[in-house]
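The values are calculated or read from the model by the stated rules, or taken from the named source; none is laboratory data. Treat the numbers as computed from the prediction; the structure is a model and nothing was measured. Every residue, glycine among them, receives a Cβ derived from its backbone with ideal geometry; neighbour counts consider all protein chains shown. To get the accessible areas, we keep the full protein, side chains included, count just its heavy atoms, and leave off ligands, DNA and RNA. Shrake-Rupley method; radii C 1.70, N 1.55, O 1.52, S 1.80 Å.
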Amino acid sequence: MTSARFRLPDDLAHRLEQHLDEIFRLGVQQHDFASRDEQEAFLSAIYLHSGNKLADIAHGLNNRRPYRRIPSELWCMIWSHLPCFDVLHVARTCHSWRRIALSSNRLWAAFELNINFPTPDCDCGRLLDCRVGFNGPHKGPLDDRASLIRKLGYMALFHDRSGTLPLELYITVEYELPDSMVAPEVADMLRRWAPRLTLLRCNFGSEDALESIFDEVRHFPALHTYRLDWCDYNASNLEASDLLPRNAPHLRTLHICSDSDAVFWDPMCDSFPHVTTLAISIPNAMDDLENIIGDFPGLTKMFLNFAHGPDNDQSARYEPAAARLQRVSDLTFRYEEYWERSILDIAIHLNAVHTLSLDNAVDLSFILMGERKLTVAATDTSGRTRRVSISHGAEFAPEIAIGVWNILGDRTVSTATVSWSLVHQLLGAAPVAWTSNTERIVFQLPSSLTPCLLDGEAATLPTLAKLAFLSFDAKEDAIIVASDVSTVVRALLPPGRRLRKLKLNRVRVLNGASVLHALAEKVVFSRDFAAS
């Protein structure tokens, strides 16, 4: 029953009235409150004292509520997942939450600065849904000078409340900065953050806006992670020296336009001896790759996005580049939709993966994401990974699979992870050396009804003499026909051999669970069949 609908029972109401009458009568008699003013003052005192007592009782009830028993540390962990401006709202909710929020410096150690001024061509006067300008509609309310000053004030507040902790800053400038005074004001605040700034992530819709801010701030003594997600869509020649932070001696991780624009690695770039992780989008020129390798001698993880496809007739230049990348333990080549649809060109890059020596035993994955991106990866026993990701590569899956097996040669593949739609393309091309050593296969299923893709071709699958673990996995719930599972298992297993484990993870089976259980009884040790 809510307090708004609660009615005091008649007996309790009667007793309360009697007590109040008795208190007033005793007060008048014992303290000689004879005048009207004295009696009204006495009533006011009774009212105030009763209100205070009721407030104390209510406070005690609140303290016994479950959320009051939540430790301050747990509140701070929950609030740490909120956007920075929501943290401000938390600190303004009540005295208790404000005390907890202000006692935690960690809540104030990250800030998101979004600057969204209109495009130069915008004259619509609307705060939302402006569709003027090259970059499309504005992504939210537009800023004016007053709103920017307010945001910079919040940024200073977060800096002060963070104590001495390392800072993280996310800057987004949707379009160009409107006047010459804005960039210095942002740069002044950035300079204030710089001594403790360890992570800086930027989104700039204009290269001029980027330069106007960072030309004012040159020293980042504590920065270890810098990420520039996208830059000026109108710029045709982005040079790395204009995009990189200056004077960052402790930089360890660097991401520059790794998902979009190609960046030319010009000679003006500094060397970064301490950077261990690099992600960058470059043109197809081998000169850029060789220069990057020279400027980052300490790399252990590298992601290269070839924005315009692989080079033609430059296979001889990959061998020295690959030799210099021996130290990189995690290497990814990605090709966008403009890559040359030539299996020879793709094989050149796959051969670069091969040249970077892998140990004898590897885990191989052959994954198709949706209908577009084909990813081939090999990981050796020491954790060294070589990965090639190709947009629109699915149509060439059979040829690429043959190239993969040729590259791996006589290496032992201990685990193979294969997209269900590519089972025949990969396994059908597998060499005899692989089929005699593989012990584990994982099939990745799409999150939908999975048709049998081996009609009439199951007999061409290789028999795996040492196969012991077979798994059908899906990231989301998938559906498969029981007879298809039976067809694949019986094709891969030699006569008389049993699996140590057959697992179906997030997979529903149609048309005969009895078929599946009958299969398990024949080819799987009874206690090692699992379905979830």
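For the residues His517, His49, a 1.4 Å probe over the protein chains yields an accessible-area ranking, largest first, of His49, His517.
Legend: calculated FRET efficiency, Gln30 to Asp56, from the Cβ-Cβ distance at R0 = 35 Å, rounded to 0.05, equals 0.85. For Asp56, the solvent-accessible surface with a 1.4 Å probe is about 100 Å², rounded to the nearest 10. Amide H contacts under 5 Å for Leu228: Cys202, His255, Ile256, Cys257, restricted to partners 5 or more places along the chain or on a different chain, H placed in the peptide plane at 1.01 Å from N.
Other residues lying with their Cβ under 12 Å from the Cβ of Trp420 contribute a combined charge of -2, Lys and Arg counting +1, Asp and Glu -1.
If the chain linking Glu211 and Gln326 were pulled fully straight, counting 0.36 nm for each residue of separation and taking away their Cα-Cα distance, it would gain 37.9 nm. The listed residues Met189, Met77 rank as Met77, Met189 when sorted by accessible area, largest first, using a 1.4 Å probe.
Within the assembled protein chains, the solvent-accessible surface assigned to Leu368 is about 30 Å², based on a 1.4 Å probe.
Modelled spin-label separation between Ala41 and Glu521, with each label point placed 7 Å from Cα along the Cα-to-Cβ direction: 9.8 nm. With the whole protein complex present, Ser483 retains an accessible surface near 60 Å², based on a 1.4 Å probe.
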